[in-house]
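Data first, discussion second: the structure below is written as structure tokens.
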Amino acid sequence: MLGSGLLLGAATMAGAGRLLVRVDPFDAAAPADVVYVLGGSRVDRWLEAVEIYKAGGARRILISRGGTERAEAVLASQGIIVPTTADMARTLMVDHLGVPADAVEVLRDPMDNTAHEAVMIEARARRDGWTRIVVITTRAATRRAGYAFRRVLGDDIQIVMRDTRYDDYDAVWWWRTRGDFRQTFIEFPKLMAYWLGLGA
């Protein structure tokens, strides 16, 4: 009995990385209404969005503002605005990477988590009549983020989950590096919570 339990546990652990990853096929010849960059990275996600946009895979780029720290609100009350990662990303896209200014937008409202982002995007998609959205996140978060977005947006708006070409997460041998190990143990419980209806 103990041996069977250990084998089951080992098999589950070995497959944990692959369970986290769901990257959808994507054909740039059929452009999406928008490529949406989830918050949580400094460069790799929005740079992938630029690649998709330049390949004709999306008509515009939308960037999450991410979360807001309490200290930022304190400074803002004094008239001091701290540029966000999203603001800096937009500046680099427009000033250095050739993306037209009217093709890239930073969402105004801060986002608390992936489920919150899905709710915000759903409202925007309904308003603007979007039917196909590419969502970019880290490789290890693709299944969870895709689940969150599809749960909120339903079947009439297609969600295409993509990671980035700059992400080296190894879903098969994730325990071999500290970074991949850490990502797996952060994302696996989150995915389970979403599947159990606890993800918010």
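Computed from the coordinates by the stated procedures, all read-outs in this text should not be read as laboratory data. Only a predicted model underlies this, so the values are computations on that prediction, with no experimental measurement involved. In this analysis, Cβ positions are derived from the backbone assuming ideal geometry, glycine residues included, and neighbour counts consider all displayed protein chains.
A few remarks follow.
- Yes/no for R139 being within 19 Å of G57 (Cβ to Cβ), of a type in the set (K, R) and in contact with a strand residue (DSSP E or B) (Cβ under 6 Å, 6 or more places away or on another chain): no
- Of residues in the stretch 52-85 being in contact with a Lys or Arg (Cβ under 8 Å, 6 or more places away or on another chain) and part of a loop (DSSP other than H, G, I, E, B), the one nearest to F26 (Cα to Cα): R65
- Of all the residues in the stretch 137-177, those that are within 20 Å of T114 (Cα to Cα), assigned to a loop (DSSP other than H, G, I, E, B) and not acidic (D, E) number 6.
- Residue count for the stretch 92-122, restricted to those that are part of a helix (DSSP H, G or I) and either exposed (fewer than 12 other Cβ atoms within 10 Å of the Cβ) or more than 20 Å from the chain's Cα centre (by Cα) (or both): 5.
- Unmet criterion (only one of (1) touching a residue at least 60 places away in the same chain (Cβ under 8 Å); (2) polar (S, T, N, Q); (3) surrounded by 15 or more Cβ atoms within 10 Å (Cβ to Cβ)) for T85: (1)
- Positions within the stretch 83-125 being touching a helix residue (DSSP H, G or I) at 6+ places or on another chain (Cβ under 9 Å) and of a type in the set (K, R), in sequence order: R90
- Residues (surrounded by fewer than 19 Cβ atoms within 10 Å (Cβ to Cβ) and either touching a Pro at 6+ places or on another chain (Cβ under 9 Å) or under 20 Å from G39 (Cα atoms) (or both)) located in the stretch 168-187: D168, G179, R182, F185, I186
- Matching residues, the stretch 126-136, being in contact (Cβ under 8 Å) with a residue 60 or more places away in the chain and part of a helix (DSSP H, G or I): D128
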